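Input: a single structure, listed below in structure tokens.
The values are calculated or read from the model by the stated rules, or taken from the named source; none is laboratory data. These numbers were taken from a predicted model, which means no experiment stands behind them. Cβ placement follows ideal geometry from the backbone for every residue including glycine, while neighbour counts extend to all protein chains displayed. Note: accessible area is taken over every heavy atom of the protein model, side chains too, but ligands, DNA and RNA are not part of it. Shrake-Rupley method; radii C 1.70, N 1.55, O 1.52, S 1.80 Å.
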Amino acid sequence: MKRNIIFAIALLLTFIGGCKEPDELLPSVSREGINSITATFPDGTGEFTGTIVEGTNEIVIPIPYYFPVSSNNRVTEEMISNMRVRANLDDNVTVSPPLLYMDLSKDNVITVNDQLGEEHKYIVRGEIRKSSECQIKEFSLPELGLTGVINESKKTISLVAIGELEPALADVTLSYHATISPDPREEALDYNEEVELTVTAHDGVTRNVYTVKKEVPEKLPYGIRSGSAKLMFAKQLKADVGITVDHLTGGMAVTDEYVVLNTRNQNSIYLDAKSGEKVGEIELGSAKGNLTNFYSTADRAGNILICNLAPNDGAFRIWKVASVSDTPELMIEWDGGVAVGRKMSVQGDINGDAIITAPILDYGQQFARWTISGGVLASQTPEIVTMSGLEKGWTTNVDIVHTSGSDVNSDYFVASYSDNTFAWVDGSTNEVSSKLESISVNYIQNAVDFVEFNNAQYTTVNWVNSFTWGAADMVWLLDVSSEANFTGNLASGTCPAVVWETPLNTYGPNAISGGVANANGTGDVALKVSDDGFYLYLYFMFTNGYVVGYQFDCIDM
């Protein structure tokens with residue numbers, strides 16, 4: 001006979017004067033030394049815990065009507081006629097007959113002998129129950145590009161929208177086997193006025209009424225809402241997006257509506273920014289080539305920038321693409337005679353004020369910088385900026401982004417290899433003012449972005465694994481509103497600026513069955529703020545792996 005030994009709580013409480021009765025303090029099934037009874041199917045799946053029916057000696061073990069609960073696999077009485085049963089007992093407490101297998105489709109009498117030698121009889125039985133859960137887990141109007149903000153405590157769903165809304169079908173995720181009325185998935189409802197949706201649990205008894213209303217909720221005074229991170233999509237570049245070549249997808253441009261993936265010598269594929277579904281391709285024309293459309297990014301207004309690799313492809317060139325339906329237009333051509341073009345960043349709006357940076361890949365600490373004011377490029381020839389403070393320079397893996405689109409003296413962030421540090425640089429002196437601890441030389445960081453959101457400042461950085469062994473392929477989101485928090489180590493979790501990070505080794509090629517190692521060690525990150533200022537979007541991509549979108553918000557719940 002097997003027994004699980006735990007604290008002798010019942011006996012202790014019996015002799016402690018002035019305390020509450022044991023039944024008031026112990027769990028609902030804990031009486032006379034028996035603390036819990038659990039049952040599983042014979043193969044060990046499932047775990048169902050019994051409770052004592054108040055005022056009786058009956059222990060009922062509820063078993064879901066469907067198992068797994070997400071399936072339509074009906075549980076029958078025959079299926080529960082041979083269940084594995086365990087009891088959790090206090091010290092020196094026994095139960096007979098010995099528990100091992102039990103027919104929970106009928107009543108089973110057990111005898112518990114407590115620590116005082118007294119016998120207590122219980123009737124144990126199972127009960128197949130329909131679920132009483134009736135929640136709306138997710139609510140969105142894809143046609144209108146709106147995602148409902150669910151406040152479960154108030155049973156409200158807020159649609160952050162300004163202006164008149166057209167009737168639209170909804171995407172709704174409910175508790176398993178619950179129903180909804182009216183069903184917004186089948187009936188296009190008018191959300192300009194409040195709409196009430198009744199969710200009924202599978203048991204047909206339990207109900208919740210949600211009110212969907214168009215409104216502008218209150219914002220938190222600062223930053224993103226803790227716990228608001230929501231995975232919108234994670235798509236494999238090859239299996240889901242349809243990119244058939246390995247190693248050549250290294251750049252990503254994000255607009256309000258699309259995530260644009262740059263694959264060398266191919267037209268750029270653009271995905272829906274909320275669902276990750278492929279929408280179409282950008283015809284690159286003469287800007288397409290193995291060394292021509294080498295990398296891409298986008299400004300805050302959604303203008304897509306594409307650059308070539310110089311001097312391998314001659315002079316360094318940057319094309320602009322105003323929208324996914326436009327063709328590339330040459331914007332910058334500079335014959336600087338230096339290695340440049342593996343990464344490029346832009347801060348601001350090229351139709352207004354913007355700063356474009358492109359690292360020079362010569363083991364030093366230099367980068368080219370172009371400025372745009374009032375939509376006018378200052379010069380085809382960039383300013384060559386020399387910074388200092390890194391122990392080593394960089395080679396082919398580095399990215400630099402300013403914190404302002406108009407002030408060349410603004411601070412900037414540098415993610416580089418082989419220095420292997422994430423650095424905060426003083427834009428006035430071009431000296432590193434703070435940096436995180438170095439990462440392992442086995443992993444590569446080569447992408448960074450920066451954005452201001454809800455009175456806070458955020459940056460994001462990647463770590464790339466270029467091997468078939470080991471684990472990296474991570475992205476971090478850091479609050480850099482205070483430089484004092486920009487310290488410590490990302491890997492060990494000692495950087496106080498970190499507000500969110502991806503799970504380890506989940507989105508790189510090593511997480512894909514049969515995935516091809518990211519031989520070039522490339523990837524990309526991008527931050528985007530919604531026009532209404534309520535949402536911050538983080539997108540990232542690992543070459544040969546996944547392209548991923550996460551949503552954060554600043555809504556005061």
Residue that is most open to solvent (accessible area, probe 1.4 Å) [pool: residues in the range 457-474 that are farther than 17 Å from residue 414 by Cβ and touching a Gly at 6+ places or on another chain (Cβ under 9 Å)]: 468
Tally of residues being of a type outside the set (S, T, N, Q) and under 28 Å from residue 131 (Cβ atoms) across the range 196-232: 18
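For every residue, the table says whether it meets (1) within 30 Å of residue 256 (Cβ to Cβ); (2) in contact (Cβ under 8 Å) with a residue 12 or more places away in the chain; (3) touching a Phe, Trp or Tyr at 6+ places or on another chain (Cβ under 8 Å).
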site: 487; (1), (2), (3): no, yes, no
site: 501; (1), (2), (3): yes, yes, yes
site: 508; (1), (2), (3): yes, yes, yes
site: 511; (1), (2), (3): yes, yes, yes
site: 531; (1), (2), (3): yes, yes, no
Residue among 355, 360 that alone is touching a Gly at 6+ places or on another chain (Cβ under 7 Å) and of a type in the set (A, V, I, L, M): 355
Residues being of a type in the set (Val, Ile, Thr) and open to solvent by 40 Å² or more (accessible area, probe 1.4 Å) - total across the range 230-285: 3
Filter result for the condition that a residue is over 26 Å from residue 226 (Cβ atoms), out of contact with any Phe, Trp or Tyr (no Cβ under 8 Å at 6 or more places or on another chain) and among the small types (Gly, Ala, Ser), over 492, 438, 482: 438
Options 132, 140; residue that is open to solvent by less than 30 Å² (accessible area, probe 1.4 Å) and within 28 Å of residue 557 (Cα to Cα): 140
Enumeration of residues in the range 518-557 that are open to solvent by 20 Å² or more (accessible area, probe 1.4 Å) and touching a helix residue (DSSP H, G or I) at 6+ places or on another chain (Cβ under 6 Å): 544
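Per-residue answers, yes or no, for (1) among the polar types (S, T, N, Q); (2) touching a strand residue (DSSP E or B) at 6+ places or on another chain (Cβ under 6 Å); (3) assigned to a strand (DSSP E or B); (4) over 28 Å from residue 554 (Cα atoms):
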| site | (1), (2), (3), (4) |
| --- | --- |
| 153 | yes, no, no, no |
| 161 | no, yes, no, no |
| 183 | no, no, no, yes |
| 197 | no, yes, yes, no |
Unique match (being among the polar types (S, T, N, Q), open to solvent by 10 Å² or more (accessible area, probe 1.4 Å), at pLDDT below 95 and touching a Gly at 6+ places or on another chain (Cβ under 9 Å)) among 505, 430, 454: 505
Among (1) more than 24 Å from the chain's Cα centre (by Cα); (2) open to solvent by less than 70 Å² (accessible area, probe 1.4 Å) - the single one residue 166 does not satisfy: (2)
So residue 210, is it in a loop (DSSP other than H, G, I, E, B) and surrounded by 16 or more Cβ atoms within 10 Å (Cβ to Cβ): no
Per-region count, the range 433-443, residues open to solvent by 20 Å² or more (accessible area, probe 1.4 Å) and in contact with a Gly (Cβ under 7 Å, 6 or more places away or on another chain): 2
Strands (runs of 3 or more DSSP E) (entirely within the range 329-441) containing at least 3 residues that are under 21 Å from residue 478 (Cβ atoms): 345-348, 354-359, 394-402, 412-418, 422-426, 431-435
Whichever residue in the range 312-352 is open to solvent by 30 Å² or more (accessible area, probe 1.4 Å) and among the hydroxyl-bearing types (Ser, Thr, Tyr) and, among such residues, is nearest to residue 256 (Cα to Cα): 323
Cross-chain or 6+ apart pairs with Cβ under 6 Å, the range 258-278 first and at positive phi, then open to solvent by 30 Å² or more (accessible area, probe 1.4 Å): 265/290; 276/235
Options 109, 69; residue that is assigned to a strand (DSSP E or B) and not hydroxyl-bearing (Ser, Thr, Tyr): 109
Selection from the range 113-127 of residues that are open to solvent by less than 50 Å² (accessible area, probe 1.4 Å) and in a strand (DSSP E or B): 113, 120, 122, 123, 124, 126
Qualifying positions in the range 488-500 - surrounded by fewer than 16 Cβ atoms within 10 Å (Cβ to Cβ), at pLDDT 95 or above and either farther than 17 Å from residue 415 by Cβ or touching a strand residue (DSSP E or B) at 6+ places or on another chain (Cβ under 6 Å) (or both): 494, 496
Residues that are under 32 Å from the mean Cα position of the chain (by Cα), among the β-branched types (Val, Ile, Thr) and part of a loop (DSSP other than H, G, I, E, B), drawn from the range 318-328: 324
Answer from 552, 486, 540, 534 - the residue that is within 30 Å of residue 158 (Cβ to Cβ) and over 16 Å from the mean Cα position of the chain (by Cα): 534
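Yes/no per residue for (1) at pLDDT below 95; (2) part of a loop (DSSP other than H, G, I, E, B):
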| position | (1), (2) |
| --- | --- |
| 243 | no, yes |
| 252 | no, no |
| 275 | yes, yes |
| 289 | no, yes |
Some residue of the range 80-88 being open to solvent by 20 Å² or more (accessible area, probe 1.4 Å), closer than 23 Å to residue 63 by Cα, touching a Ser or Thr at 6+ places or on another chain (Cβ under 8 Å) and small (Gly, Ala, Ser): yes
